[in-house]
Amino acid sequence: DIPTLSAEAAKQHPGVSYIITAPLGLHVLLVDIVNDRINDCLKQGSGDADESSVCDGTGKCNLHQEAESERNV
């Protein structure tokens, strides 16, 4: 609960102003951001692109495939 957490944190910092915005999930452009990230990771995972600056050095864009034996369980 972000409003509650913010209010509790604010108690420890009197005089500091803060604002709570609407959730990002409601913003129309969030879908574009998620789509771009998925496409970038798919390209990187398949070897068609270098790691992006977001994933650089993290190894997060490795393509993971379920082993055939695990699918038949």
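Some notes on this structure:
- Of interest is the spacing of the C-alpha centroids, which for segment 1-18 and segment 22-41 amounts to 27 Å.
- Here the Debye sum runs over all C-alpha atoms of segment 1-62 as equal scatterers in vacuum, and log10 of I(q)/I(0) at q = 0.27 Å⁻¹ comes out as -1.04.
Quick note: the coordinates plus some simple rules give every number you see, no bench work behind them. Please read these numbers as outputs of a predicted model, since none were measured by experiment.
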